[in-house]
Amino acid sequence: MRTEAPAPVAFASPPAGEPVFDPMMTWVTYKTQIKFALAILAYLMVLVGSVTVVKANPDAFWRFDVAALPVLPAAVVIWLTVRALARLDEVQKRTQMQAVGFSIVATALLTFGYGFMEGAGLPHLNWTFVLPLMAAMWALGLGVLVLKTRLRR
């Protein structure tokens with residue numbers, strides 16, 4: 001039996017003209033990042049307002065309630081992050097899990113190490129530095145893992 005090459009398939013040519021900006025497509029494509037950015041912006045705005053109000057009213061009975069207000073938009077950021085992680089495929093989830101694991105261990109090592117250095121005379125650092133440090137370590141771990149993956153190919 002003789003084999004022959006398949007007949008070429010005719011595809012429609014691509015549409016002519018310049019690409020058109022469609023804001024709805026941008027929204028769909030970047031929806032998670034836009035929501036995350038808006039939640040971070042809300043957190044920063046509430047944080048600045050809360051700190052300002054508490055410093056202006058140091059003896060008010062409600063100062064602790066106002067000081068805790070930034071937790072609400074921070075909770076939205078956490079919720080959006082967990083939702084975004086849940087939408088990833090298995091390989092991306094594994095990569096993120098490794099980066100988070102690195103973040104936890106590196107943050108623990110750095111904070112414990114600095115705690116020992118405080119005993120030797122370094123100034124005391126506020127706890128609010130722990131979460132940004134953890135986020136930075138997550139980004140560093142993710143960057144290293146992505147580079148490692150690309151170099152293997």
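Readers should treat all values here as calculations from the given coordinates under stated rules, not as data from a laboratory. All values reported here derive from a predicted model rather than from experimental measurement. Here the Cβ positions follow ideal geometry from the backbone for every residue, glycine too, while neighbour counts run over all protein chains shown.
3J(HN,Hα) couplings calculated from phi for the stretch 110-123 with the Karplus curve 6.51 cos²θ - 1.76 cosθ + 1.60 (θ = phi - 60°) are, in sequence order, 5, 6, 5, x, 5, x, 5, 5, 4, x, 8, x, 5, x Hz; Gly and Pro show x.
How large is the convex hull of the C-alpha atoms of the stretch 89-153 per residue, in Å³? Looking at the stretch 89-153, the number lands at 82 Å³ per residue.
Computed FRET efficiency, Cβ-Cβ of residue 21 and residue 89, R0 25 Å: what is it to the nearest 0.05?
Plugging the Cβ-Cβ distance into 1/(1 + (r/R0)^6) gives 0.30.
Each listed q (0.15, 0.20 Å⁻¹) maps to a log10 I(q)/I(0) for the chain, found by the Debye formula over equal Cα scatterers with no solvent: -1.08, -1.29. Normalised by the number of residues in the stretch 2-153, the mean separation of alpha-carbon contacts (under 8 Å, six or more apart) gives a relative contact order of 20 percent.
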